[in-house]
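These notes concern the structure reproduced below.
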Amino acid sequence: MIAPKVEDQYRWRVELSCGCVHEIYTRGKDSFPDDRPVIDPVTNQELPEGESWCMADHRTPSPYRMIVEWTSREVKELPPDPEEPQHGLDQATWSKIRCAEPRSRAYWRVKLACGHVHDSVITDADWRPEQGPELVTAERAAEMRSELEKLWELDGDLTASDENERDHWRRMIDLRWPQPSPEVACYTCRHAYRVTGYQRVGWLIPRTRPAAVPKSPKSPDRRRIEAQLSKIEAEAESLRKRLRELDNGAG
Ligand SMILES: [Zn+2]
Ligand SMILES: [Zn+2]
């Protein structure tokens, strides 16, 4: 895309539903801030109509959203998982889920229920959406639940982000741990907010004013008297006409 000239940039104040007010530029004063979709800087995809990007950190966890469309995929080769436990898991749990062999995985671009795009949902290389997710047995799900709840009991105060993760894990266990998961955390939702209003600020580079229109040499007072006079003249003319009509016996 060719960048517009700086002299063509028009400034707006845009208010978002998170409460923040940001200044944005449009090309010229006749294009409005919501004329074109805003681009999500993470996925490079358009945000839904009426949303804009707030760069502030509102300290909300990325909410989990349902996947509504599996859009496209790219297969990548991955090395074996490290032996060191990852994701805060203990050695026993990690060794159960760790993948010791190199493998290929599909990285999917998906569309979420919130309207945003997520770029790295990982599945087996040969998995296709029409197959649906794989489930664990009800017994295994119950086992996972009690293992996790025991582990979580040891933790003290929870942050909003911890709660968000735990709620997700619990929902997934209720569904017998579907793989791939039907929901993913949407980072875009942390930054995309609805535009609630905008206001003109002016040209980025103030325009030179056109030469001032010369003031009418007539003072307001003179104009008022002239108007009064022409009104009286019109009335006089109409009275004269009436008289002529009477003289001619028409009235
Ligand atoms: Zn904000
Ligand atoms: Zn979202």
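Each residue in segment 39-53 was checked for being touching a residue at least 60 places away in the same chain (Cβ under 8 Å), within 22 Å of ARG109 (Cβ to Cβ) and part of a loop (DSSP other than H, G, I, E, B), and 6 pass. Which ones in segment 112-126 are more than 28 Å from the chain's Cα centre (by Cα) and either modelled with pLDDT of 95 or more or among the hydroxyl-bearing types (Ser, Thr, Tyr) (or both)? None; the set is empty. Against the conditions (1) away from ligand 1 (no atom under 16 Å from the Cβ); (2) surrounded by 13 or more Cβ atoms within 10 Å (Cβ to Cβ); (3) modelled with pLDDT under 95; (4) within 22 Å of the chain's Cα centre (by Cα), GLU49 satisfies every one except (2).
All but one of (1) in contact with a strand residue (DSSP E or B) (Cβ under 6 Å, 6 or more places away or on another chain); (2) within 16 Å of ligand 1 (Cβ to nearest atom); (3) modelled with pLDDT of 95 or more hold for PRO63; which doesn't? Exception for PRO63: condition (1).
Within segment 178-200, how many residues turn out to be open to solvent by 60 Å² or more (accessible area, probe 1.4 Å), within 26 Å of VAL21 (Cα to Cα) and either free of Cβ contacts under 8 Å to residues at least 40 places away in the same chain or more than 11 Å from the chain's Cα centre (by Cα) (or both)? Qualifying residue count for the region: 5. Of the listed requirements (1) at pLDDT below 90; (2) in contact with a strand residue (DSSP E or B) (Cβ under 9 Å, 6 or more places away or on another chain), ALA3 misses just one: (2). For GLU77, state whether it is more than 16 Å from ligand 1 (Cβ to nearest atom), over 30 Å from ALA192 (Cβ atoms) and free of Cβ contacts under 8 Å to residues at least 24 places away in the same chain. When the stated conditions are applied, GLU77 does not pass them.
Mind listing just one residue for me: the one in segment 19-36 that is within 17 Å of LEU47 (Cα to Cα) and hydrophobic (A, V, I, L, M, F, W, C) and, of those, nearest to ligand 1 (Cβ to nearest atom)? Here the residue is ILE24.
The values are calculated or read from the model by the stated rules, or taken from the named source; none is laboratory data. None of the values given here were measured: they were computed from a predicted structure. Using ideal geometry, Cβ is built from the backbone for each residue, glycine included, and neighbour counts are taken over all protein chains shown. Ligands, DNA and RNA are stripped out before the accessible areas are found, and what is left, the full protein with its side chains, is counted by its heavy atoms. Shrake-Rupley method; radii C 1.70, N 1.55, O 1.52, S 1.80 Å.
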